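Below is one structure, written out as structure tokens; the observations come after it.
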Amino acid sequence: MLFGCNSSAQKNKEEKKETFKISKTDAEWKAQLTAEEYNVLRKEGTERAFSSELNDNHKKGTYVCAGCGTAVFESKHKFDSGTGWPSFDRAIEGNIAYSTDNNIGYARTEEHCATCGGHLGHVFNDGPKETTGKRHCINGVALNFIPENGESK
Ligand SMILES: [Zn+2]
């Protein structure tokens, strides 16, 4: 996979200097999150491609950070990228923050929840040309889906 979210390389980067509205100790996060959520959100892990139910979710609703519940993506901006990870052409502005990581040998735009700092995924420039051209490649395990009232139309 040339353009997945995968980051198997070992991390050796400085602690983030950002501060977040929701700030917990490592032990607190561990207690709150499942092992998978913790690995992605707090350790910048990457879930296995096609492992998330949300990858194929076409319902209307809002995707929120699994760490703190902040709304980060909307279903109308989701598209099928074929990569095996939930993909969006844009995030909910202001609720996401970005950094650069070099974890796999070249610079990528990392994105995380602006409220709790939880790692969500990466942004690439090979998204739908007819909209933003961006592909937000997101770990489904870092998200919870809140369906819009009632049935999807
Ligand atoms: Zn969060």
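The values are calculated or read from the model by the stated rules, or taken from the named source; none is laboratory data. Note that the structure is a prediction, hence the values are computed from the model and not measured. All Cβ positions, even for glycine, are placed from backbone atoms using ideal geometry, and neighbour counts span all protein chains on display. Accessible surface areas use protein heavy atoms only, side chains included; no ligands, DNA or RNA. Shrake-Rupley method; radii C 1.70, N 1.55, O 1.52, S 1.80 Å.
Of all residue pairs spaced 6 or more apart or on separate chains, none has beta-carbon atoms under 6 Å together with a first member in region 42-67 that is over 26 Å from residue 23 (Cβ atoms) and touching a residue at least 60 places away in the same chain (Cβ under 8 Å) and a second member that is assigned to a strand (DSSP E or B) and acidic (Asp, Glu).
Of the residues contained in region 135-151, none is found to be open to solvent by 10 Å² or more (accessible area, probe 1.4 Å) and basic (Lys, Arg). Go over the candidates 122, 77 one by one and state the one that is within 15 Å of residue 141 (Cα to Cα) and touching a strand residue (DSSP E or B) at 6+ places or on another chain (Cβ under 7 Å). Only one candidate passes the filter, namely 122.
Enumerate the strands (runs of 3 or more DSSP E) found wholly within region 81-153, keeping only those where 3 or more residues are touching a Lys or Arg at 6+ places or on another chain (Cβ under 8 Å). Explain how you work it out, then say what you get.
Working: elements: 96-101, 108-113, 119-124, 135-138, 143-147.
Result: 96-101, 119-124.
The set of residues in region 28-68 being charged (D, E, K, R), in a loop (DSSP other than H, G, I, E, B) and open to solvent by less than 40 Å² (accessible area, probe 1.4 Å) consists of 44, 47.
Among the residues of region 80-94, those identified as closer than 12 Å to residue 140 by Cα and hydrophobic (A, V, I, L, M, F, W, C) are 85, 88.
Picking from residues in region 78-100 that are on the phi > 0 side of the Ramachandran plot and more than 16 Å from the ligand (Cβ to nearest atom), the one that is least open to solvent (accessible area, probe 1.4 Å) is 84.
Return yes when residue 106 is free of Cβ contacts under 8 Å to residues at least 24 places away in the same chain and closer than 21 Å to residue 19 by Cα and no when it is not. Against the criterion (free of Cβ contacts under 8 Å to residues at least 24 places away in the same chain and closer than 21 Å to residue 19 by Cα), residue 106 does not qualify. Based on this model, can you work out whether residue 140 counts as closer than 16 Å to residue 54 by Cβ and in contact with a Gly (Cβ under 9 Å, 6 or more places away or on another chain)? Answer is no for this residue.
Across region 101-119, which residue is farthest from the ligand (Cβ to nearest atom) among those that are touching a strand residue (DSSP E or B) at 6+ places or on another chain (Cβ under 6 Å) and of a type outside the set (D, E, K, R)? Before the answer, list the steps.
Keep residues of region 101-119 that are touching a strand residue (DSSP E or B) at 6+ places or on another chain (Cβ under 6 Å), which gives 101, 107-114, 118-119.
Going one step further and asking which of them are of a type outside the set (D, E, K, R), we end up with 107, 109, 112-114, 118-119.
Numbers: 107: 24, 109: 18, 112: 8, 113: 3, 114: 8, 118: 4, 119: 10 Å.
That would be 107.
For the condition over 13 Å from the mean Cα position of the chain (by Cα) and surrounded by fewer than 22 Cβ atoms within 10 Å (Cβ to Cβ), residue 75 qualifies.
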